[in-house]
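The structure under discussion appears below in the form of structure tokens.
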Amino acid sequence: MQKRVKGWGLAAALLASIWGAPALALVQSAPPVSYGVEADTFHPVRARQGMVASVDALATQVGVDILRQGGNAVDAAVAVGFALAVTHPQAGNLGGGGFMLLRTAAGQVSAIDFREVAPARASRDMFLDKQGNADSKLSLTSPLASGTPGTVAGFALAADKYGTLPLSRLLQPAIALAREGIVVNDALADDLNTYGKEVLLGHDNSRAIFFKADGTPYQKGERLVQANLARSLTLIAQQGPDAFYKGEIADEIAAEMAQHGGLIDKQDLARYRALERKPIGGSYRGYQIFSMPPPSSGGIHIVQILNILENFDLAKMGFGSADAIQVMAEAEKYAYADRSEYLGDPDFVKVPWQALTSKDYAKSLAQQIDIAKARPSEQIKPGKLAPYESNQTTHFSVVDKAGNAVAVTYTLNTNFGSGIVAGKSGILLNNQMDDFSARPGTPNVYGLIGGEANAIQPGKRPLSSMSPTIVVKDGKTWLVTGSPGGSRIITTVLQMVVNSIDFAMNVAEATSAPRFHHQWLPDQLRVEKGFSPDTLKLLSAKGQNVQLLPAMGSTQSIMIGPDGTLYGASDPRTPDDLTAGY
Ligand code: DON
């Protein structure tokens, strides 16, 4: 492992003193918060008692109904999660996995890890061809692409430990939606016409569900009934998660795998456990940050980047200024370089989270950032860490009237996962195995590079970027947020936090504001449309390789005002999403 350019920090300090540039100092305070004023361009949805923000209007309504009927935020989140498996099959799922971060009204925080697990027969080089090159078809669209699913176990654990209503009750809205059918919306119609044709059409079970007899996918306004999925959901309601992990559904998944060369067998399913983990905690200009620990990289790197940013006065630089973007992009490069080296399943590799999230380490990285000049990514290597003394998806956020808050990000990985529906279960299977490093140095579908820490091993969970995040202000839950977007999840959530705190945007403005992203490799500053051409020119002059690319992320966020008013915002980048409350 190479060290970062030695002695540069000292040289920078010397140059700074010669040029009279301000020395780095922690900027602990942030401007006053905004919940929205009449003069704003974008306005949050407001409610008093409870709120749900999700990518799908029907699922949001399911959650709001549960809250109205007296369920708490965890009950509502679980019901939303099951509903999305029906209404948003691009990412909502039973055959995938994800993470739930929750903070109770009493201030207890917990992270529930229901990430997929590599089957027992998985092996390090399973995605390499004869020449030793990674074959992304195998890791994305073959039966080998699927890890043992965690969603049903995760929701069951959450409902059991933190919910108030029986799991069977929470499944009823999803069962009704699957059995009676949903009216296909723009989002689903568009995705079936594009990704669906690519990944679903080739599989008989999948085609029978999402395509009509004439071979065309269901279109907007048509009714999609998922009878087999309704039956699977009913079995889970009747028998609990055992129906999925040991019963009839397990039989269907194992048979599908055995028939087509997949690895998940009945033992893998029976062995699956959702785990409760301690969230990653951090602080930023007086706010407390809680986010997802490994096997997600999200929490560690959001805290790491925020720690670096604390050394700069972003508020003074201003939103969308070339300086603010420069500082953030440079900080992002260092974090993603570290991700490639250190992050993996904590049950298999020792993840140095304390060192990565330490303020001292962040300061040493901040000192290497030149506001005038981008450092080429090839000159940035994973940092040398001090030993500690003493990483298509969907996100939804729920807050109930007691103040319990839940943030869930879960996924099949890319749209519709592997595209394979297991037998007669009606359940689409994930392609999360692609999140492992198939081969050191070879990028995955999100361009992420990884190494040994994220190599495939039986029973191991692939590294994720999913970052359900809760920000606490003055001891109270303040912001509940998260996003899909693969590698861009971390920077999307980061910008929600920075826009809300540093740039004092209300939650709708923080959501709507144009986003940017740098992930170290490729050495590219990805920007959405909406930034000033002047800013982009200045960034290019600083050495950033600026690329205008499609919109990133779909945040679903709730902010809580000092008087308890709930302010929510779905993402204008996503058709058919909805934030609603009562
Ligand atoms: O866990 C991860 O980081 C990825 N599998 C997330 C996939 C994702 O966000 C796809 N959505 N755009």
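The values are calculated or read from the model by the stated rules, or taken from the named source; none is laboratory data. All values reported here derive from a predicted model rather than from experimental measurement. Here the Cβ is made from the backbone with ideal geometry for all residues, glycine too, and neighbour counts use every protein chain on show. Side chains included, ligands, DNA and RNA excluded: accessible areas come from the protein's heavy atoms. Shrake-Rupley method; radii C 1.70, N 1.55, O 1.52, S 1.80 Å.
Here's the yes/no breakdown for (1) away from the ligand (no atom under 16 Å from the Cβ); (2) outside any helix (DSSP H, G or I); (3) among the polar types (S, T, N, Q); (4) at pLDDT 95 or above:
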{"site": "V303", "(1), (2), (3), (4)": "yes, no, no, yes"}
{"site": "N307", "(1), (2), (3), (4)": "yes, no, yes, yes"}
{"site": "G320", "(1), (2), (3), (4)": "yes, yes, no, yes"}
{"site": "D323", "(1), (2), (3), (4)": "yes, no, no, yes"}
{"site": "M328", "(1), (2), (3), (4)": "yes, no, no, yes"}
{"site": "E332", "(1), (2), (3), (4)": "no, no, no, yes"}
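Here are L102, L58: which of them is open to solvent by less than 40 Å² (accessible area, probe 1.4 Å) and either hydrophobic (A, V, I, L, M, F, W, C) or within 15 Å of the ligand (Cβ to nearest atom) (or both)?
Details: L58 fails: open to solvent by less than 40 Å² (accessible area, probe 1.4 Å).
After ruling out the rest, the residue left standing is L102.
Q547 versus (1) open to solvent by 30 Å² or more (accessible area, probe 1.4 Å); (2) part of a loop (DSSP other than H, G, I, E, B): which is the lone unmet condition?
(2) is the only condition that Q547 fails.
Does V109 satisfy the condition of being at pLDDT 95 or above, open to solvent by 10 Å² or more (accessible area, probe 1.4 Å) and under 23 Å from V493 (Cα atoms)?
It is true that V109 is at pLDDT 95 or above, open to solvent by 10 Å² or more (accessible area, probe 1.4 Å) and under 23 Å from V493 (Cα atoms).
Quick one: Y284 ticks every box in (1) open to solvent by less than 50 Å² (accessible area, probe 1.4 Å); (2) closer than 21 Å to N430 by Cβ; (3) within 26 Å of the chain's Cα centre (by Cα) bar one, so which box is it?
(2) is the only condition that Y284 fails.
Among (1) polar (S, T, N, Q); (2) surrounded by 23 or more Cβ atoms within 10 Å (Cβ to Cβ); (3) under 23 Å from Y410 (Cα atoms), where does S500 come up short?
Result: S500 fails condition (3) only.
Quick check on this structure: which one of T574, T579 is within 26 Å of the chain's Cα centre (by Cα), within 29 Å of R46 (Cβ to Cβ) and part of a loop (DSSP other than H, G, I, E, B)?
T574
Show the residue pairs that are 6+ apart or on different chains and have beta-carbon atoms under 8 Å apart, the first residue being within the range 268-280 and among the basic types (K, R), the second being in a loop (DSSP other than H, G, I, E, B) and open to solvent by less than 20 Å² (accessible area, probe 1.4 Å).
Every condition considered, the pairs that remain are R277/P293; K278/P293.
Can you say whether K130 is part of a helix (DSSP H, G or I), open to solvent by 20 Å² or more (accessible area, probe 1.4 Å) and of a type outside the set (A, V, I, L, M), as far as the supplied structure shows? Please lay out each step first, then the result.
Numbers: part of a helix (DSSP H, G or I): no; open to solvent by 20 Å² or more (accessible area, probe 1.4 Å): yes; of a type outside the set (A, V, I, L, M): yes.
No; evaluated as a whole, the condition is false for this residue.
Residue-wise test of (1) touching a helix residue (DSSP H, G or I) at 6+ places or on another chain (Cβ under 9 Å); (2) assigned to a helix (DSSP H, G or I); (3) among the basic types (K, R); (4) at pLDDT below 95.
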{"site": "K197", "(1), (2), (3), (4)": "no, yes, yes, no"}
{"site": "A230", "(1), (2), (3), (4)": "yes, yes, no, no"}
{"site": "A237", "(1), (2), (3), (4)": "yes, yes, no, no"}
{"site": "A250", "(1), (2), (3), (4)": "yes, yes, no, no"}
{"site": "A258", "(1), (2), (3), (4)": "no, yes, no, no"}
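In the range 52-74, which residues are in a helix (DSSP H, G or I) and over 19 Å from E180 (Cα atoms)?
Result: V64, I66, L67, R68, A73, V74.
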